[in-house]
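Novice: Shown below is the structure under consideration.
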Amino acid sequence: MLHLQFHLFFFRKLFRRSFTQPLFCLNLFILDLHFHLQAYNIHVNGVLHCRVRYSQLLGLHEQIKKEYGSNVVPTFPPKKIFTLTPAEVEQRREQLEKYMQAVRQHPLLGASELFNSFLRKAQQETQQIPTEDAALDICLSNGQKVTVNILTSDQTEDVLDAAAVKLDLPDDLVGYFSLFLVREGVEGNLTFVRKLQDFELPYVSITSLQSSDYHIILRKSYWDMAYDGDVMDNRVGLNLLYAQTLSDIERGWILVNKDQHRQLKSLQEKGSKKEFIHLGQTLKYYGYLKFDPCITDFPEKGCQVIVSAGNNELNFHVKLPNEQMKEGSFKVTRMRCWRVTSSQVPISNGTTNPCNSTKCEVKLELAFEYLMSKDRLQWVTITSQQAIMMSTCLQSMVDELMVKKSGGSIKKMLRRRHNGSIHRSDSQQAVKSPPLLDSPDPSREQIVKLSTKLNSVSLRGISASNSANDISGDDFHGNYAFEGIGDDDL
């Protein structure tokens with residue numbers, strides 16, 4: 001059956017949507033239209049999440065308005081008495097897309113159970129997976145799998161709770177960890193797709209992908225290594241952090257020379273896990289998340305780059321056109337703003353016909369405006385399918401900075417726990433020790449420094465402008481960090 005779809009690529013003005021959402025994760029909602037069903041496909045981060053009708057979205061809007069008041073709720077496209085023309089159909093689709101973006105970005109509405117439960121229910125109905133008992137594998141950093149018994153309709157927090165119970169991880173440490181959707185490559189390399197969200201059902205999300213390459217992995221969700229001490233005070237937390245540190249070293253995410261490798265192997269053989277982690281904390285790129293190779297326009301257009309996120313920065317390993325490798329870091333506190341943009345690009349042989357589900361792919365870009373020197377701002381763009389994950393990392397870094405600056409509790413930021421106690425089962429599973437380290441790669445290429453360490457500047461919200469050079473005051477959405485990070489941080 002023919003599905004007639006309208007995509008962002010064919011807007012008169014290319015869709016560029018801002019993703020500032022203090023203390024909440026950032027996600028890209030795209031709506032296209034299944035014309036014969038008069039239903040809208042909601043894509044999250046480029047993947048179909050659910051399919052909803054206009055009447056369902058209108059019902060959600062009415063509930064939100066009743067709960068939070070008309071002055072808080074964004075404008076919703078009105079009903080039409082007569083049949084919509086094709087132009088009106090496209091206009092409504094665009095308005096609904098903007099509405100969903102606005103609700104998700106709102107610090108109150110986007111985190112509401114009303115909004116999240118609507119998306120969870122729609123996801124389950126779209127994928128036609130009934131509520132029933134199910135077993136779900138949660139992977140640990142050392143490759144071990146923890147099988148949890150859940151309901152197919154359990155949300156992300158429920159699944160994280162179940163994994164914590166199985167591992168015997170204390171309730172007050174659960175918030176230091178999160179569940180991530182990853183894709184395993186042919187050589188065992190892991191691509192982090194996204195952090196699982198409150199509005200999705202992990203069992204449904206991974207089952208609907210219909211591929212054994214995708215897994216759910218448990219990993220720490222904070223950036224500041226000062227919080228490692230809280231985790232290491234507990235036996236299970238120590239084992240999880242130790243397994244992640246060892247895995248990151250073996251994966252090459254943490255750089256180790258021969259002498260450091262010898263020390264680490266000795267500590268591992270002795271079972272000195274805390275000392276192993278403490279030594280790991282002194283190594284380059286400890287705690288960083290590494291992304292797949294992608295393209296950047298810095299320092300030149302079309303450069304290949306490997307981006308890593310950690311230590312309140314994005315680190316670039318750039319391959320220049322002359323094959324020279326250079327390295328540089330962009331501190332999150334010197335980014336005046338950033339934005340994620342999405343467009344549909346045809347993947348068939350040069351066709352200019354509208355994209356359809358088999359001939360199109362989503363192109364994602366992360367662009368940030370950076371203070372290169374005291375009076376010079378410059379836009380830097382990364383073209384990557386992990387652009388939203390990168391944006392999520394930046395926002396979570398800002399969240400941590402603001403919590404730390406205000407003297408607040410990271411535990412409250414990381415975790416909004418259910419009321420009531422969690423009972424441990426009799427089938428708790430221990431975290432096994434990983435195998436010994438392999439020898440480091442002696443042929444690892446040396447990196448030439450691209451820039452020196454930069455100072456800090458205030459952070460602004462993400463732009464919704466159509467052009468990096470066309471920024472107006474209305475294009476920005478406020479970010480708490482803009483007021484909170486000041487001259488004392490410079």
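Novice: From the list 179, 169, pick out the single residue that is over 23 Å from residue 128 (Cα atoms), open to solvent by less than 20 Å² (accessible area, probe 1.4 Å) and either within 15 Å of the chain's Cα centre (by Cα) or basic (Lys, Arg) (or both).
Specialist: Testing whether each residue is over 23 Å from residue 128 (Cα atoms), open to solvent by less than 20 Å² (accessible area, probe 1.4 Å) and either within 15 Å of the chain's Cα centre (by Cα) or basic (Lys, Arg) (or both) leaves just 179.
Each row is one residue, and each column tells you yes or no for (1) open to solvent by 20 Å² or more (accessible area, probe 1.4 Å); (2) part of a strand (DSSP E or B); (3) among the aromatic types (Phe, Trp, Tyr); (4) touching an Asp or Glu at 6+ places or on another chain (Cβ under 6 Å).
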{"position": "107", "(1), (2), (3), (4)": "yes, no, no, no"}
{"position": "115", "(1), (2), (3), (4)": "no, no, yes, no"}
{"position": "142", "(1), (2), (3), (4)": "yes, no, no, no"}
{"position": "150", "(1), (2), (3), (4)": "no, yes, no, no"}
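Novice: For the stretch 198-219, state whether one or more residues are surrounded by fewer than 16 Cβ atoms within 10 Å (Cβ to Cβ) and touching a Lys or Arg at 6+ places or on another chain (Cβ under 7 Å).
Specialist: The answer is yes; a qualifying residue exists.
Novice: Ok, one more. Could you run through the stretch 126-140 and say how many residues are assigned to a helix (DSSP H, G or I) and touching a strand residue (DSSP E or B) at 6+ places or on another chain (Cβ under 7 Å)?
Specialist: The number of residues fulfilling the criteria is 1.
Novice: Now a separate question. Is it the case, given these coordinates, that residue 192 is open to solvent by 10 Å² or more (accessible area, probe 1.4 Å), in a strand (DSSP E or B) and not acidic (Asp, Glu)?
Specialist: When the stated conditions are applied, residue 192 does not pass them.
Novice: Kindly provide the set of residues from the stretch 361-381 that are more than 15 Å from the chain's Cα centre (by Cα) and aliphatic (A, V, I, L, M), ordered by number.
Specialist: Across the stretch 361-381, the qualifying residues are 362, 367, 371, 372, 377, 380.
Novice: Within the stretch 58-105, track down each residue that is in a loop (DSSP other than H, G, I, E, B) and touching a helix residue (DSSP H, G or I) at 6+ places or on another chain (Cβ under 6 Å).
Specialist: Matches in the stretch 58-105: 73, 74, 76, 77.
The values are calculated or read from the model by the stated rules, or taken from the named source; none is laboratory data. None of the values given here were measured: they were computed from a predicted structure. Here Cβ is always computed from backbone atoms with ideal geometry, including for glycine, and neighbour counts include all displayed protein chains. Accessible surface is based on the protein model in full, side chains and every heavy atom, while ligands, DNA and RNA are left aside. Shrake-Rupley method; radii C 1.70, N 1.55, O 1.52, S 1.80 Å.
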